[in-house]
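Worksheet: the structure to be examined is printed underneath.
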């Protein structure tokens, strides 16, 4: 019950007019970001980060995380009304959401989407409230080898479990780790990979790279598409809301299953996209009436939305407890922590109680307020789509430039942002995933420090990573995940070999 | 029954047209495989360069443990190996038909955003960010979006002003400024 008391303390930090106002601003901006094409959760947060540079960390994180919740809600609006997923994680919502809108049940679909989003993130916040403090206090005992093992586990699970071609994930991650190392070496103070340039001395800023990779490249990609759209107008009445809410308890199994999938994939680097598809498919598989999926079944909206939100929210758990982000957006929030002068990691729970519990309390409040806000203002946000893209695109470009410049007041960063914009465009089109790059860039220095500190501690003996049960099992698990495709291939091969041996007898 | 439900389905719609949409039958500029191989060679060259620099910095061990260039050197080696694997894989598959990387129409549209963005960054250095952003938004809306000039200019003016008030005045975020801002004493 200690967590409960701390949560109340968090609410006391949160309940000031200024913080509440910033929360509303964050939510509204977030819904815009989610609705607009060419802007998504991660780049919305990255672009708006400079607004928070002069704020205190608690107000800053509350506003930024609310942008994120808003973007999660906003993605559903375009999926259902226009059959255009505003975000990759709302693709699965279009399968049943859009048919419902075509049948004139847009309001029901939207209510279902928003409410299940709320439930998904509520479950995830509960998980964070009661699990994160425990994990953090456990992690306080970690030394450099344990931390390196956890970083290794994160990187390896991306390579082993990712759906992209393995060598492309490795390219993305190695490049991110290399670029993280540019500039002053934190252990020895030596310069490296700067080639005598003063601009590279500062290193390659993570946020500049993110704004280029996600903001600029997304604009380039969006322009390639045909931007005409046609969709429904919807207004949600209280009657519809109550009707959907009355129906909801019937689908408790789907809601619970989807929340669990979302939480699991959010904490591990599976992510919201995988979670929404997986939960849709499982809802379909376990349903008695499989054929009605894809034709406007309300359960087909509940499942992906619950999972996407549960996953998006629980991605903050490892970020808060261990300093390891579970998603791209969490990685950007982690970058924000460093800008505000906080040191991410388990010590956060001890040294900055107000910050951590304020953030957790804002997740509860932000989701309740967000739910009410989207239910009442859907028509306004749907109308945003009437604004032509040729007006939105240059405004996004300007916002990206402001964001990139503001971080270090350097013109060089604007050029760097443009380069990363082109790199992001090319990488996305040739199938090099950007998430491992982002993660490697933000974690690179910390991972290297922990590796080198371990090596210094053990006088260069690699066996330090197997020196006790904890670090040994994490390292071993990391290596198993890294070689998982080969291992699972091997198991399959042995099985089929056995079957061939057995078949002549049968 | 069917006709009744059809009547109910007629709901208000939002329609947005795209007059300059890329044609779906536009010829390909290049294939995905070509770009993949070219990008891999670029990354391979970068890996070589970084490996050399880290070798110069010191990639071995000294009394205090691994030197500054140790991890980056091996990361460059891993990057190079992954690139070579990718190049080899695409080379072996060269007989098969390649997917389109970008069509001519799409490429034209991408350049329509990229070139103005480039000019915007270039002009920002002399004109300051806010004037440059006014020119970018107004020009882009009027020329590429084919929106009425007065609408474009008004939108661009309001947008730049809003940005100025938000960042320069409300949030104290300092942006590059030019002669116009100097005129008003900023």
Please indicate, with yes or no, whether at least one residue in region A:468-480 is at the interface with chain B (Cβ under 9 Å from one of its Cβ atoms) and either closer than 23 Å to residue A:328 by Cβ or at pLDDT below 85 (or both).
no
Determine whether region B:71-83 contains at least one residue that is touching a residue at least 60 places away in the same chain (Cβ under 8 Å) and in contact with a strand residue (DSSP E or B) (Cβ under 8 Å, 6 or more places away or on another chain).
no
Out of curiosity, is residue B:35 at the interface with chain A (Cβ under 7 Å from one of its Cβ atoms), more than 26 Å from residue A:446 (Cα to Cα) and free of Cβ contacts under 8 Å to residues at least 40 places away in the same chain?
no
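Looking only at region A:210-233, decide whether some residue is more than 14 Å from every other protein chain (Cβ to nearest Cβ) and surrounded by fewer than 19 Cβ atoms within 10 Å (Cβ to Cβ).
No, the conditions are met nowhere in region A:210-233.
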Looking at (1) more than 30 Å from residue A:468 (Cα to Cα); (2) buried (at least 16 other Cβ atoms within 10 Å of the Cβ); (3) over 25 Å from the mean Cα position of the chain (by Cα), find the lone condition where residue A:188 falls short.
(1)
Out of everything in region B:39-67 that is within 22 Å of the chain's Cα centre (by Cα) and at the interface with chain A (Cβ under 9 Å from one of its Cβ atoms), what residue ends up being surrounded by the fewest Cβ atoms within 10 Å (Cβ to Cβ)?
B:46
Options A:432, A:456, A:414: the member that is within 30 Å of residue A:75 (Cα to Cα), without any contact (Cβ under 8 Å) to a residue 60 or more places away in the chain and facing chain B (nearest Cβ under 10 Å):
A:414
Would it be correct to say that residue A:200 is in a helix (DSSP H, G or I) and closer than 18 Å to residue B:54 by Cα?
yes
Residue among B:182, B:138, B:162 that is at the interface with chain A (Cβ under 9 Å from one of its Cβ atoms) and outside any loop (DSSP other than H, G, I, E, B)
B:138
Give me the residue from region A:375-396 that is within 24 Å of residue B:101 (Cα to Cα) and touching a residue at least 12 places away in the same chain (Cβ under 8 Å) and, out of that set, surrounded by the most Cβ atoms within 10 Å (Cβ to Cβ).
A:393
Filter region A:83-108 down to residues that are within 14 Å of chain B (Cβ to nearest Cβ) and under 24 Å from the mean Cα position of the chain (by Cα) and give me whichever is surrounded by the most Cβ atoms within 10 Å (Cβ to Cβ).
A:84
Conditions (1) surrounded by 16 or more Cβ atoms within 10 Å (Cβ to Cβ); (2) without any contact (Cβ under 8 Å) to a residue 12 or more places away in the chain; (3) more than 28 Å from the chain's Cα centre (by Cα) -> residue A:198 fails only (1)
Scan region B:47-70 for residues that are without any contact (Cβ under 8 Å) to a residue 24 or more places away in the chain, in a helix (DSSP H, G or I) and under 30 Å from residue A:430 (Cβ atoms) and report the count.
5
Selected residue (criterion: modelled with the lowest pLDDT) from residues of region A:1-43 that are crowded, with 18+ Cβ neighbours inside 10 Å and outside any helix (DSSP H, G or I)
A:38
Is at least one residue of region A:247-256 touching a helix residue (DSSP H, G or I) at 6+ places or on another chain (Cβ under 7 Å), in a helix (DSSP H, G or I) and either without any contact (Cβ under 8 Å) to a residue 60 or more places away in the chain or within 13 Å of another protein chain (Cβ to nearest Cβ) (or both)?
yes
Name the one entry in A:427, A:420, A:437 that is crowded, with 19+ Cβ neighbours inside 10 Å, facing another protein chain (nearest Cβ under 9 Å), touching a helix residue (DSSP H, G or I) at 6+ places or on another chain (Cβ under 9 Å) and at pLDDT 85 or above.
A:427
How do the pairs read when you match residues in region B:110-136 that are outside the structural domain of residue B:153 (by TED's automatic domain parsing) with residues anywhere that are crowded, with 23+ Cβ neighbours inside 10 Å, using Cβ under 9 Å and keeping only pairs 6 or more apart or on different chains?
none
What is the number of the single condition among (1) more than 7 Å from chain A (Cβ to nearest Cβ); (2) at pLDDT 85 or above that residue B:99 does not meet?
(2)
Subset of region A:87-136, residues assigned to a loop (DSSP other than H, G, I, E, B) and farther than 28 Å from residue A:344 by Cα, comes to A:103, A:104, A:105
From the residues in region A:286-333 that are in a loop (DSSP other than H, G, I, E, B) and without any contact (Cβ under 8 Å) to a residue 40 or more places away in the chain, which one is surrounded by the most Cβ atoms within 10 Å (Cβ to Cβ)?
A:287
Kindly indicate whether any position in region A:353-374 is touching a strand residue (DSSP E or B) at 6+ places or on another chain (Cβ under 8 Å) and either in contact (Cβ under 8 Å) with a residue 24 or more places away in the chain or not in a loop (DSSP other than H, G, I, E, B) (or both).
no
Can you tell me which of A:72, A:51 is in contact with a helix residue (DSSP H, G or I) (Cβ under 9 Å, 6 or more places away or on another chain), within 14 Å of chain B (Cβ to nearest Cβ), assigned to a helix (DSSP H, G or I) and buried (at least 24 other Cβ atoms within 10 Å of the Cβ)?
A:51
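The values are calculated or read from the model by the stated rules, or taken from the named source; none is laboratory data. None of the values given here were measured: they were computed from a predicted structure. Neighbour counts are summed over all protein chains in view; Cβ atoms, including those assigned to glycine, are modelled from backbone coordinates with ideal geometry.
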